[in-house]
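Peer 1: Below you'll find the structure I mean.
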Amino acid sequence: MNRSVLLKASGLYLGGFLLLMLMSFIHLTQGQADYSFQALLTEVWQPGRVQDIVVGLRLPRVVIGILAGGALAVAGLFLQTLTKNPLASAGTLGINAGAYFFVVVFTIFMPSLIGKHPFVVSLLGAAFAAIVVMTLVGRTMDPVRVALTGMIISLLFSSFTGTLQLFYENETNGLFLWGSGTLIQLDWSGVRFAVLFVIGGAFLAILLGSKLDVLTLGDDVATSLGQSVTKVKLLAWGTAILLAASTVSVVGPIGFVGLMAPHIVRFLGVKGHRGLVLHSFLWGAILLVGADVLARLLTPNQEMPVGAMTAIIGGPWLMFLAYRAGKQYQKSDTRLGGYEIPVPFFALISLLTVLLATVLFLAISFGGTAFLTLEEWLNGSIFSTFIVNFRIPRVLTAFVVGMLLAMSGVLLQGVLRNPLADPSVLGITSGGGAGAMIFLVVFPAASVKLLPFAALAGSLLAMTIILLATRKSKWNPVLLALVGVALSAVGSAIIQILIVRAKLGVAPALTWLAGSTYGKGWEDLRIVALVALVAIPITVLLVRRLDVLSFGDDVAMGLGLRVSGTKIIAIFLGVAMGAASVSVVGTIGFIGLLAPHIARRMVGVEHKKVIIISLFIGGILLVAADFLGRLLLAPKEIPSGLVVALIGTPYLLYLLRKI
């Protein structure tokens, strides 16, 4: 390294170090116990109130922020090099979510083991998630597919984790804030635990730096230069997982730091993995401590999860990277597949009608602990006050919302010619949820009737961002889903922050995030029924246009179709139906993905038939999910959104492999 390069690198590092010191100093002055800058500078050196607060509470929090941020950044750097993927990090590959899931499982079922060996448990979860993602992706290691698969695995682990937290609320009490990522430290025990793993992992990363430089030349070149490629890769994977697991076991899953920091360092012109490791560690620490400073500025009297703040900052960053990656996907031309099964259409309708009647009968009959008997049906017990006021409207609301979500999926998949298009995958439900939560928190005295409009505004904003971010790739399916998942992370982070600000309880918060039909009444049914009565007939009128669009824009224009106008109407309808659903039942996903796919595999791609079958399947799916959520672990309830997610996530992985 020549002198000028060395001076530049030293200058950059010194500048970053001073910025970190400034952030740390500001952080030490934040908190409910107030004291001035001058008091901090003068009184911290002598025993007393200021020294007790700084040394006992605030300094451990800053130090763990530096260690965790640095560890996540170096882990992200190694994962990006190993997968040759600029979108890789412990968060996007599902490693953080896997570690968190294992911690929750052991906290519930083996609390003594998690108490003695939290790092081992976290490490096992992180390694398991990494193996699952790599197995599903295969050897192609396409960057966008790796990131999308990792984020889908994260969704799956989050569904399992959320379910466990709802059922074992007492055992996992306190894990909601930790599960969103928090730097809260009550003493130095967390720092003492993490420091050896983080410093040891960072030191190992520096030693491996030159080996990784050779590895970036390609496996063949590295082998010809005498390097054991397999050994180096295993060591590097182990280092990345060690660093990620050590942070999760102390501060919870914190995403996007490992994604952003290496890119910032490369943008600054740092080259060579040893230099990248040192600078990434520093910038990871700056990002995490800075995010915590920002979180405390926004909510000075409340504890906001720093993981939510990094998601708000990192989500747009991920979308920007996906936007840049769009160039290589410009020639994509995906078509919606489908085929007709050898069953007459009316026979299929009859079969679905019987299935729907059966599901409705079971759902209305089951009261949480027992089913209504035939005698009770016949003697009029079905018209009891409780069933009429609570159970029937709940089941019917689930049915109508299922139909709306299915219609939304049909429209979005048809217009974008994208088999992965769905309100939840595209971030529309999270955007709508964020809009609804902002409305509830900012205007607590406003009429609830305005809630659907707030959700619609959030959903439209999310859809606009997604369409603009993926415009270069002509809305490629995989890229669209990746940007949608990133936007979902931002929307979920906003919802988490607002839940903390509104001081919503843990169980209601988890239920809202998961999506639930619990407690829905006639007023909720009236809202979604009104939207369905307006939107579904308009969708039917678009059938011929959607069929023409399926041949491509050029052919559609050649046949005289006003392509832009048709797309705008269809997207608005799809978003409106998704938003109306969110405003009533929360962020239930995957119905809009599953229903149209199942329908196309029954009746082919003709939209008239697809719409009718999708309406049936969407309604049946959500009513069945609501029923199973009440039945499986009765008298406790699993939110129907979690039941659908447990079914929908594996299906989404299957679709990703088929594209």
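The values are calculated or read from the model by the stated rules, or taken from the named source; none is laboratory data. The structure displayed is predicted, hence computed values, not measured ones. Don't worry about glycine lacking a Cβ; one is built from the backbone with ideal geometry, like all the others, and counts go over all protein chains shown. Protein only, heavy atoms only, side chains kept; ligands, DNA and RNA dropped before computing areas. Shrake-Rupley method; radii C 1.70, N 1.55, O 1.52, S 1.80 Å.
Peer 1: First measure r as the distance between the Cβ atoms of residue 188 and residue 347, then evaluate 1/(1 + (r/R0)^6) with R0 = 56 Å and state the FRET efficiency to the nearest 0.05.
Peer 2: In this case the efficiency is close to 0.20.
Peer 1: Next question, about the same structure. At 222 nm, what helix-only mean residue ellipticity would the chain give, in deg cm²/dmol to the nearest 500, using -39500 (n - 2.57) for each DSSP H run of four or more?
Peer 2: Mean residue ellipticity at 222 nm (helix-derived): -24000 deg cm²/dmol.
Peer 1: Per residue, how much accessible area does the chain have with a 1.4 Å probe, in Å²?
Peer 2: Per-residue value: 42 Å².
Peer 1: In addition: So for each of 55-67, 355-367, 637-649, 211-223 I average, over its residues, the number of other beta carbons within 10 Å; can you give me the resulting order with the highest mean first?
Peer 2: Going by the mean number of other Cβ atoms within 10 Å, highest first, we get 637-649, 55-67, 355-367, 211-223.
Peer 1: How do 578-591, 453-466, 609-622 rank on mean C-beta neighbours within 10 Å, highest first?
Peer 2: 578-591, 609-622, 453-466
Peer 1: Apply the a/c threshold of 1.5 to the C-alpha gyration tensor of segment 17-154 and tell me whether it is rounded, prolate or oblate.
Peer 2: oblate
Peer 1: Label point 7 Å out from residue 555 along Cα-to-Cβ: which residues of segment 390-432 have amide N under 13 Å?
Peer 2: Zone members listed by number: none at all.
Peer 1: Under the Kirkwood approximation applied to all pairs of distinct alpha-carbon atoms, what is the hydrodynamic radius of segment 107-262 in Å?
Peer 2: 17.6
Peer 1: Let me ask something else about it. Which pairs, out of 84/271; 449/567; 472/608, put more than 25 Å between their alpha-carbon atoms?
Peer 2: Long pairs (Cα-Cα over 25 Å): 449/567; 472/608.
Peer 1: How are the alpha carbon pair distances in the chain distributed across 20 Å bins from zero to the largest one, expressed in percent?
Peer 2: 18, 49, 28, 5, 0
Peer 1: Starting from the 7 Å offset along Cα-to-Cβ, what nm value, one decimal, do you get for the label separation of residue 390 and residue 294?
Peer 2: Going from the residue 390 label point to the residue 294 one covers 4.4 nm.
Peer 1: Tell me, in nm to one decimal, what length is gained between residue 526 and residue 169 on full extension, where the rule is 0.36 nm per residue of separation less the Cα-Cα distance?
Peer 2: Fully extending the segment from residue 526 to residue 169 adds 125.2 nm.
Peer 1: Hey, got a sec? Which trypsin sites (Lys or Arg not before Pro) in segment 222-296 land in a DSSP loop and have at most 16 other Cβ atoms within 10 Å?
Peer 2: 271
Peer 1: Would you grab the residues whose amide H sits under 5 Å from the one on residue 366? Only those 5+ places off in sequence or on another chain, please, with H modelled 1.01 Å from N.
Peer 2: Counting only residues 5 or more places away or on other chains, the set is 372.
Peer 1: Now for a separate question. What do you get for chymotrypsin sites (Phe, Trp or Tyr not before Pro) in segment 35-137 restricted to DSSP loop and a cutoff of at most 13 other Cβ within 10 Å of the site's Cβ?
Peer 2: Values: sites: 35, 37, 45, 78, 100, 101, 102, 106, 109, 119, 128; in loops: 35, 45.
Answer by residue number: 45.
Peer 1: Please compute the net charge surrounding residue 451, taking Lys and Arg as +1 and Asp and Glu as -1 over other residues with Cβ under 15 Å from its Cβ.
Peer 2: Numbers: positive: 449, 520, 526; negative: 523, 524.
The answer is +1.
Peer 1: Mind checking the full-extension length gain between residue 22 and residue 357? Use 0.36 nm per residue of separation minus the Cα-Cα distance, one decimal, nm.
Peer 2: 114.1 nm
Peer 1: Which residue, 313, 235, 426, has the largest displacement toward the positive end of the dipole of the chain when charges sit on each Cβ (Lys, Arg +1; Asp, Glu -1)?
Peer 2: Final value for the positive-end residue is 235.
Peer 1: Carbon and sulfur atoms: what percent of the 1.4 Å accessible area of the chain do they account for?
Peer 2: Percent of accessible area from carbon and sulfur atoms in the chain: 69.
Peer 1: What number comes out for the charge environment of residue 630, summing +1 per Lys or Arg and -1 per Asp or Glu over other residues with Cβ under 15 Å away?
Peer 2: +2
Peer 1: Under a straight-distance cross-link criterion of Cα-Cα below 17 Å, which aspartates and glutamates are reachable from residue 231, leaving out those fewer than 8 residues away in the same chain?
Peer 2: Candidates past the 8-residue exclusion: 213, 219, 220.
Peer 1: What net charge is computed for the residues neighbouring residue 279, neighbours being all others with C-beta under 13 Å from the C-beta of residue 279, Lys and Arg scored +1, Asp and Glu -1? If you can, show how the numbers build up before the last one.
Peer 2: Numbers: positive: 8, 266, 271, 274; negative: none.
Taking every Cβ under 13 Å from that of residue 279, the sum is +4.
Peer 1: Now, a different point. Ranked highest first by average number of other Cβ atoms within 10 Å, how do 435-442, 306-313, 253-260, 178-185 line up? All intermediate terms of the calculation are to be shown ahead of the outcome.
Peer 2: Details: 435-442: 20.2, 306-313: 26.2, 253-260: 30.0, 178-185: 23.4.
In descending order of packing, they fall as 253-260, 306-313, 178-185, 435-442.
Peer 1: Now for a different question. Could you give P(r) for segment 357-468, binned at 10 Å from zero, as whole percent values over all Cα-Cα pairs?
Peer 2: Once binned at 10 Å, the Cα pair distances of segment 357-468 give 12, 29, 24, 23, 10, 1.
Peer 1: Using the basic label-point model (7 angstrom from Cα toward the beta carbon), what is the residue 467 to residue 377 distance in nanometres?
Peer 2: 4.7
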